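Before any comments, here is the structure.
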Amino acid sequence: MRIVSERLHNQKLSSPGCKQAVDVVRWMGAVQAQDFPAAKWALALRMRAATDVSIEQSYNEGQILRTHLMRPTWHFVAPEDIRWLLELTAPRVNANCSSAYRRYELDTAVFKRTNNILTKALRGGKHLTRAELRIALNKSGVPADDFIRLAHIMIRAELDAVVCSGPRVGKQFTYALLDERVPATKPLTRDEALAKLTQRYFTSHGPATLQDFVWWSGLTVSDAKRGVELIDRDLRKELFDDKSYFRQRASSSSRFSLYPSHLLPAYDEFNVAYKRREAGLGPTVIVAGKPVGTWKAKTDTRSLSITVTLSRTLKKSETLALTKAAERYGAFLGITAHVHI
């Protein structure tokens, strides 16, 4: 229970205190974000007050960015962190994508060409959708009608620090040139980057094991060990169930929980950031940090209906906490919530 309590505290779930979306992303290191609506709610859960509209605005203004790094999926990242995180983790993501690159006849020469085409199309502050960039690639003689081939062309452009997220146009995502979207930042040495990422992870996600960090970061075991060595003085190693967990020496769990129940979105960091997970990766109901069921929401212009499927009977106080959690989600969307258990 101590591990759960500390994780709730360190992940800013039990007592959220971040003012801005970028504060959450910076604190966490990166936040998995392939499910965009869910990822926005994940940020809001860790903030004092946030709405879907306010986080969307932060995204559109470039205060937070969305790109591929660490693992072969999208993450939210702070602008000042994007370059060193890409330099550190992109090689491993490229290795994971290598078989797909070969399958779709994408090699270094092709990527050099596609990156040049994308740069030319986006230069001058343009923000273009994937469909618009597909047309630009095709016109330049690079076949891009295959959805998966195009996806890997764009992933590689992100990993090569050529493009990143631009503002949304309606519900459509756009790309922008990274060098135009983000001011230049001081480069880090490899050891500096390893130390920084390791510090971010165990500060915001600890207590956690070395294998947890390997899974979350996408780093090799040797690189993860090196990261731990670099910040050894800041970490405390403890045994739980014959496993070694690392935590920040200054870390402490919060006895008072402002929010004892949460409606966690799909791929929330509380579930996805550890190799061993009690809950799945879908929307999860947790009470005191423990999964007790799943949830799904259905909205229209006037109401929000949340259906909860429980794995056990809740106490009266737990049911009240669940209702509060649903009301909080409704406030985030600006709609009155109704819970159905």
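Filtered by the rule that a residue be crowded, with 21+ Cβ neighbours inside 10 Å and either more than 18 Å from Glu56 (Cβ to Cβ) or in contact with a His (Cβ under 9 Å, 6 or more places away or on another chain) (or both), the stretch 327-337 gives a lone residue, Ala337. The set of residues in the stretch 308-318 that are in a helix (DSSP H, G or I) and in contact with a strand residue (DSSP E or B) (Cβ under 7 Å, 6 or more places away or on another chain) contains only Glu318. Quick check on the stretch 86-99. Is at least one of its residues buried (at least 19 other Cβ atoms within 10 Å of the Cβ), among the small types (Gly, Ala, Ser), in contact with a Lys or Arg (Cβ under 7 Å, 6 or more places away or on another chain) and not assigned by TED's automatic domain parsing to the domain that holds Lys296? No, there is no match, as no residue in the stretch 86-99 is buried (at least 19 other Cβ atoms within 10 Å of the Cβ), among the small types (Gly, Ala, Ser), in contact with a Lys or Arg (Cβ under 7 Å, 6 or more places away or on another chain) and not assigned by TED's automatic domain parsing to the domain that holds Lys296. Restricting the first member to the stretch 290-313 and to residues that are assigned by TED's automatic domain parsing to the domain that holds Lys324, and the second to residues that are acidic (Asp, Glu) and crowded, with 16+ Cβ neighbours inside 10 Å, the beta-carbon pairs closer than 9 Å and six or more apart or on different chains are Val292/Glu318. Restricting the stretch 261-285 to residues that are touching a Gly at 6+ places or on another chain (Cβ under 9 Å) and of a type in the set (Val, Ile, Thr), which is surrounded by the most Cβ atoms within 10 Å (Cβ to Cβ)? So the residue we want is Val285. Only one entry of Thr301, Thr307 meets the criterion of being surrounded by fewer than 12 Cβ atoms within 10 Å (Cβ to Cβ) and not charged (D, E, K, R), and that entry is Thr301. The residues of the stretch 217-246 that are modelled with pLDDT of 95 or more, over 16 Å from Arg200 (Cβ atoms) and part of a loop (DSSP other than H, G, I, E, B) amount to a single one, Thr220. Residues in the stretch 55-71 that are part of a helix (DSSP H, G or I) and crowded, with 16+ Cβ neighbours inside 10 Å: Ile55, Glu56, Ser58, Tyr59, Asn60. Note on the stretch 35-54: among residues that are in a loop (DSSP other than H, G, I, E, B) and of a type outside the set (A, V, I, L, M, F, W, C), the one that is nearest to Ala193 (Cα to Cα) is Arg46. Scanning the stretch 181-191 for residues that are part of a helix (DSSP H, G or I) and touching a residue at least 40 places away in the same chain (Cβ under 8 Å) yields Arg181, Arg190.
Inside the stretch 133-163, residues that are surrounded by 16 or more Cβ atoms within 10 Å (Cβ to Cβ) and of a type outside the set (A, V, I, L, M, F, W, C) make up a count of 6. Would you confirm whether any residue within the stretch 195-209 is free of Cβ contacts under 8 Å to residues at least 60 places away in the same chain, more than 22 Å from Phe270 (Cα to Cα) and not hydrophobic (A, V, I, L, M, F, W, C)? For the stretch 195-209, residues free of Cβ contacts under 8 Å to residues at least 60 places away in the same chain, more than 22 Å from Phe270 (Cα to Cα) and not hydrophobic (A, V, I, L, M, F, W, C): absent. Does Leu219 count as closer than 21 Å to Asn94 by Cβ and not polar (S, T, N, Q)? Criteria met by Leu219. For the stretch 179-200, a residue qualifies if it is under 22 Å from Gln63 (Cβ atoms) and surrounded by 23 or more Cβ atoms within 10 Å (Cβ to Cβ), and exactly one does: Leu197.
Does Lys324 fit the bill of being surrounded by fewer than 19 Cβ atoms within 10 Å (Cβ to Cβ), within 12 Å of Tyr259 (Cα to Cα) and touching a residue at least 40 places away in the same chain (Cβ under 8 Å)? Answer is yes for this residue. Taking the stretch 293-309 as the range and being over 23 Å from the mean Cα position of the chain (by Cα) and within 23 Å of Leu258 (Cβ to Cβ) as the test, the residues that pass are Leu304, Ile306, Val308.
When Arg7, Arg2 are checked against the criterion of being surrounded by fewer than 20 Cβ atoms within 10 Å (Cβ to Cβ) and outside the structural domain of Arg66 (by TED's automatic domain parsing), a single residue qualifies: Arg2.
The values are calculated or read from the model by the stated rules, or taken from the named source; none is laboratory data. From a predicted model like this one, the values you see are computed outputs, not experimental measurements. Backbone-built Cβ (ideal geometry, glycine too); neighbour counts: all protein chains shown.
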